[in-house]
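Everything on this sheet refers to the single structure shown next.
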Amino acid sequence: MPPSDWFASIQSVNFPDRLIRHRDFLGFVDRLDNAHSLEARDFDFTIGPGLADERLFSIQASNFPNHYLRHQDFRLKLQEFKQGDELFAQDATFELTPALAYTRGDVAPAGISLRSFNIRDHFVRHSNFELWLAKYEDTEFFQKDASFHVIKHSFQEIH
């Protein structure tokens, strides 16, 4: 059964004052200084069935219909999905795994990490507050950079 859509913001585990957002059609983790500003919508996403595998997940911008976060040249970008673009669908599909940050016994196991559908040993992580797809490293630093909390919203809250 495919997952249903979640309307959410995605918070960095190791920088809890920062959320995933798109800016200039690239992925970042940034501070949301004014929740009532026009740019605040850049922090809101719809997490729904994966474009390449509906048992997994894709992340669509709430303020740009049919635009998804996908990796291209290992950078996370916001781009428009064109029906039938199989590579795009694969690049924009992620497995939500338990947060890598908690595999070392830290705190309670909560949160998620985003494993690439088509490059299985790579995860979404932030580096210098930019979102990249990076090969898994068994280090605390990498695991925290690749861990996030999903903050679910009701549809009315973000629109």
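Can you name the residue in segment 125-154 that is among the β-branched types (Val, Ile, Thr) and either within 17 Å of Leu76 (Cβ to Cβ) or touching a residue at least 60 places away in the same chain (Cβ under 8 Å) (or both) and, of all such residues, is least open to solvent (accessible area, probe 1.4 Å)?
Filtering segment 125-154 down to residues among the β-branched types (Val, Ile, Thr) leaves 139, 150-151.
Filter once more, keeping what is either within 17 Å of Leu76 (Cβ to Cβ) or touching a residue at least 60 places away in the same chain (Cβ under 8 Å) (or both): 150-151.
Working: Val150: 43, Ile151: 65 Å².
Top of the filtered list is Val150.
How many residues does segment 48-102 hold that are open to solvent by 40 Å² or more (accessible area, probe 1.4 Å) and touching a His at 6+ places or on another chain (Cβ under 6 Å)?
Residues flagged as open to solvent by 40 Å² or more (accessible area, probe 1.4 Å) and touching a His at 6+ places or on another chain (Cβ under 6 Å) within segment 48-102 amount to 1.
Could you identify the single residue in Asp30, Asp73 that is at pLDDT 95 or above, within 16 Å of the chain's Cα centre (by Cα) and acidic (Asp, Glu)? Before you say what the answer is, go through the steps one by one.
On the way: Asp73 fails: within 16 Å of the chain's Cα centre (by Cα).
Matching residue, one of Asp30, Asp73: Asp30.
Given the criterion charged (D, E, K, R) and in contact (Cβ under 8 Å) with a residue 40 or more places away in the chain, identify the matching residue among Glu54, Glu80, Glu86. Explain how you work it out, then say what you get.
Values: Glu80 fails: in contact (Cβ under 8 Å) with a residue 40 or more places away in the chain; Glu86 fails: in contact (Cβ under 8 Å) with a residue 40 or more places away in the chain.
On inspection, the qualifying residue turns out to be Glu54.
How about segment 17-44: which of its residues are touching a residue at least 24 places away in the same chain (Cβ under 8 Å), closer than 19 Å to Ala110 by Cβ and out of contact with any Leu (no Cβ under 7 Å at 6 or more places or on another chain)? Quick ask: steps written out before the conclusion?
Narrowing segment 17-44 to residues touching a residue at least 24 places away in the same chain (Cβ under 8 Å): 18-20, 22, 25-30, 41, 43-44.
Right, trim to closer than 19 Å to Ala110 by Cβ and you get 18-20, 29.
Of everything in segment 17-44, just one residue is touching a residue at least 24 places away in the same chain (Cβ under 8 Å), closer than 19 Å to Ala110 by Cβ and out of contact with any Leu (no Cβ under 7 Å at 6 or more places or on another chain), namely Arg18.
Please work out if Asp30 is outside any strand (DSSP E or B) and open to solvent by less than 30 Å² (accessible area, probe 1.4 Å).
No: the conditions fail for Asp30.
The values are calculated or read from the model by the stated rules, or taken from the named source; none is laboratory data. Quantities reported herein were computed from a predicted structural model and do not represent experimental measurements. For neighbour counting, all protein chains shown are included, and Cβ atoms are generated from backbone atoms with ideal geometry for every residue, glycine included. Ligands, DNA and RNA are excluded from the accessible area calculation, which covers all protein heavy atoms including side chains. Shrake-Rupley method; radii C 1.70, N 1.55, O 1.52, S 1.80 Å.
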